[in-house]
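The values are calculated or read from the model by the stated rules, or taken from the named source; none is laboratory data. Please read these numbers as outputs of a predicted model, since none were measured by experiment. Every residue, glycine among them, receives a Cβ derived from its backbone with ideal geometry; neighbour counts consider all protein chains shown. Keep in mind that these areas ignore ligands, DNA and RNA; they rest on the heavy atoms of the full protein, side chains included. Shrake-Rupley method; radii C 1.70, N 1.55, O 1.52, S 1.80 Å.
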Amino acid sequence: MRKTGISIMAKLITLVKPFAGIMMITILMGTLGFLAAIGITVVATIGILHILGFFIMEWFPSLYHISFTLLIIAFARGILRYLEQFSGHYIAFKLLAFIRDKVFKTLRRLAPAKVDGRDSGQLISLITSDIEQLEVFYAHTIAPIVIAILTCSILLFIIGYESFVLGFIALLAYITIGFIIPFTTAKATREHGRNYRHEVGDMNSYFLQSLRGIREIILFEDGERRKSIINEKSIQANKSIENLKKHEGRTRAIMEATILSFSTIMLFVGSILCIYGYISFASFLISFITLISSYGPVIALSNLSNNLLQTFASGERVLALLEEEEVIKKVTTGAAVRNTDITLKNVNFAYEDEVILNNLNLELNKNQIIGILGKSGCGKSTLLKLLMRFYDVQEGSIKFGGDSIKYINTSSLRSTIAYVTQSTYLFNSTIEENLRVAKRDATMDEIISASKKANIYDFIMNLPEGFQTQVGELGDNLSSGERQRLGLARAFLHAGKVILLDEPTSNLDSLNENIILKSLKNHSQNKTIILVSHRPSTLSIADKIYHFNSRRVS
Ligand SMILES: Nc1ncnc2c1ncn2[C@@H]1O[C@H](COP(=O)(O)OP(=O)(O)OP(=O)(O)O)[C@@H](O)[C@H]1O
């Protein structure tokens, strides 16, 4: 169900309750700052009239008082503005850290199913740009709205106190400028903004793609064609920014005209009220000057609507993630894994409506290497994910010894199993650190032994700094086979009693494959090794092979 802007805003505000105190300070400083800025104009006008001998107000018996008051207000204005900006940004960045922390904790709760799912790519944009967009909400949206409402209410009270009619005119002016104009122009603003972002995004992604594929472009002599497409896209982006700017110009003109109109109305009505003795000249002047110098906060309010929808969309996505229920509830109290003889009985599993495993029965015993053979897409990797309990089966059971996987302590389960996926992710750190991921307290001897088993030791020793070589410095120069062998070294290092290997040799030549398979065979004592592959040569070491045949095991 889509949430309304108000409910998203309310939720985003409650999310950051711990920062309510600082937010109050920002709002207070902002309101006082605007009042000070308006006060400068009002007091200065009184000063000028004083010099001209028009009148002397009882608050300011002399020019000296006026100058002194002006000085204090001007000084206060500077300090208040600084404090508002400081606390506003302090809160925004603290909040961003706070929300990132919350999102990260939520991801840990939702992982691994969430990061395995098909929408995992969108998570990256949520973690980066959506959270960043919330800075706009916290630093430049909530506070300006409250500041504008507070400042205008105080000013309306002052003007209304001098004259009810003039107060009413000021109220109309604030509503027109702060709400009516922005909301009537918002649709077109959004459209122009969206077009512009789309054109620029399109140009950037085409440009980046061309950079990434520069080798292919040179090889296939596609440079000229790509250059002219980039040119076209850039002209398109320029056109859309031109449209956006034109629209902004028109809106600004309407805004300025409205401001002038209300000021003129105020001047006209005020003069009549003054001439006919309904209000004093001082009341008229203070009301008029107050109104014409008070558009700042309402204009700030009107500028918000441009970004507001985008901010709400980001807020909605972040909130939806924070509120998402995990597919699998972690078991923290259950028993540890006692036995690594695994049985699957009548297992049915589907990703939403897509049935993947249908009435699956397997016996996966320790001291054995069990091969799983089958066509691409038949559910081999899914089986491994079920053994890791990334997902629960919909029907049937998976048991370790006699214990159902659903009641086994999740961290014990995960530490029992070493899982080598089809692609090995390497962190931007040293080779040693990358191997240590599998066993944090491994000794150097253990790391060396695991590297030898994965036949990657000689390669590492030939690197400029051996195990201390930064993976980042190797850039894309690590071949897929080298990555895969590093992944396997992790599995050999891991002390788990169950090893799940998903196409572990797909990128290896037969020499490397033979060495690694031999190591695996030697490593299989007391272990349950499940080897998924569609290569018969890899499965030659298996003690037992299950054939997966189009979502059914034979
Ligand atoms: N998280 C997911 N959400 C929805 N569908 C998925 C998900 N992961 C895999 N699938 C789909 O489930 C089916 C089985 O995928 P799986 O990765 O288990 O196949 P596989 O036998 O290991 O294939 P391959 O040999 O190509 O790796 C595929 O059609 C795949 O697109």
Just to be sure, is residue 172 surrounded by fewer than 16 Cβ atoms within 10 Å (Cβ to Cβ), touching a Phe, Trp or Tyr at 6+ places or on another chain (Cβ under 9 Å) and touching a residue at least 12 places away in the same chain (Cβ under 8 Å)?
-> yes
Scanning segment 14-55 for residues that are free of Cβ contacts under 8 Å to residues at least 24 places away in the same chain and part of a loop (DSSP other than H, G, I, E, B) gives 52, 53
Counting just the residues of segment 339-369 that are surrounded by fewer than 16 Cβ atoms within 10 Å (Cβ to Cβ) and under 22 Å from residue 538 (Cβ atoms), which one comes out nearest to the ligand (Cβ to nearest atom)?
-> 363
Enumerated helices (runs of 4 or more DSSP H) restricted to segment 109-225, each holding at least 3 residues that are within 16 Å of the ligand (Cβ to nearest atom) | 113-116, 120-125
Among the listed residues 136, 146, which satisfies the condition of being modelled with pLDDT of 85 or more and either small (Gly, Ala, Ser) or within 28 Å of residue 319 (Cα to Cα) (or both)?
-> 146
So, in segment 371-380, of the ones that are within 13 Å of residue 356 (Cα to Cα) and open to solvent by 30 Å² or more (accessible area, probe 1.4 Å), which residue ends up farthest from the ligand (Cβ to nearest atom)?
-> 375
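State whether the residues of segment 254-276 include one that is surrounded by fewer than 18 Cβ atoms within 10 Å (Cβ to Cβ), aliphatic (A, V, I, L, M), under 37 Å from the mean Cα position of the chain (by Cα) and farther than 30 Å from residue 97 by Cα. Before the answer, list the steps.
Step one: filter segment 254-276 for residues surrounded by fewer than 18 Cβ atoms within 10 Å (Cβ to Cβ), giving 254, 256-258, 260-261, 263-265, 267-268, 271-272, 275-276.
Among the residues that remain, those that are also aliphatic (A, V, I, L, M) are: 254, 257, 260, 265, 267, 272, 275.
Retained after the next criterion (residues that are under 37 Å from the mean Cα position of the chain (by Cα)): 254.
Narrowing the set further to residues that are farther than 30 Å from residue 97 by Cα leaves 254.
Looking for residues that are surrounded by fewer than 18 Cβ atoms within 10 Å (Cβ to Cβ), aliphatic (A, V, I, L, M), under 37 Å from the mean Cα position of the chain (by Cα) and farther than 30 Å from residue 97 by Cα, one finds at least one in segment 254-276, hence yes.
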Please identify the pairs in which a residue from segment 370-394 that is modelled with pLDDT under 95 has its Cβ atom under 6 Å from the Cβ atom of a residue that is near the ligand (Cβ under 6 Å from one of its atoms) and aliphatic (A, V, I, L, M), counting only partners at least 6 apart or on another chain.
-> 379/356; 382/356
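Take the conditions within 16 Å of the ligand (Cβ to nearest atom) and surrounded by fewer than 17 Cβ atoms within 10 Å (Cβ to Cβ) and apply them to residue 423. Does it pass? Talk me through it step by step, then tell me what you get.
On the way: within 16 Å of the ligand (Cβ to nearest atom): yes; surrounded by fewer than 17 Cβ atoms within 10 Å (Cβ to Cβ): yes.
Considered against the rule, which asks whether it is within 16 Å of the ligand (Cβ to nearest atom) and surrounded by fewer than 17 Cβ atoms within 10 Å (Cβ to Cβ), residue 423 comes out as yes.
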How many residues are exposed (fewer than 11 other Cβ atoms within 10 Å of the Cβ) and not hydrophobic (A, V, I, L, M, F, W, C) if we restrict to segment 193-224?
-> 5
Does segment 459-470 include one or more residues that are in contact with a strand residue (DSSP E or B) (Cβ under 7 Å, 6 or more places away or on another chain) and either open to solvent by less than 10 Å² (accessible area, probe 1.4 Å) or part of a loop (DSSP other than H, G, I, E, B) (or both)?
-> yes
Sole exception among (1) within 17 Å of residue 528 (Cβ to Cβ); (2) among the β-branched types (Val, Ile, Thr); (3) open to solvent by 50 Å² or more (accessible area, probe 1.4 Å) for residue 332, by number = (1)
Only one of (1) under 12 Å from residue 26 (Cβ atoms); (2) among the acidic types (Asp, Glu); (3) within 16 Å of the ligand (Cβ to nearest atom) does not apply to residue 84, and that is (3)
Would you mind stating whether residue 259 is without any contact (Cβ under 8 Å) to a residue 60 or more places away in the chain and outside any loop (DSSP other than H, G, I, E, B)?
-> no
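Looking at 531, 520, which one is crowded, with 22+ Cβ neighbours inside 10 Å, away from the ligand (no atom under 16 Å from the Cβ) and either outside any loop (DSSP other than H, G, I, E, B) or in contact (Cβ under 8 Å) with a residue 24 or more places away in the chain (or both)?
On the way: 531 fails: away from the ligand (no atom under 16 Å from the Cβ).
Checking each option against the conditions leaves just 520.
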Test result for residue 434, open to solvent by 70 Å² or more (accessible area, probe 1.4 Å) and either within 16 Å of the ligand (Cβ to nearest atom) or within 37 Å of the chain's Cα centre (by Cα) (or both) | no
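Would you mind stating whether residue 163 is at pLDDT below 90, more than 38 Å from the chain's Cα centre (by Cα) and polar (S, T, N, Q)? Reasoning before the result, please.
Values: at pLDDT below 90: yes; more than 38 Å from the chain's Cα centre (by Cα): yes; polar (S, T, N, Q): yes.
Answer is yes for this residue.
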All positions within segment 333-355 that are over 23 Å from residue 522 (Cβ atoms), modelled with pLDDT of 90 or more and assigned to a strand (DSSP E or B) = 343, 344, 345, 346, 347, 348, 349, 350
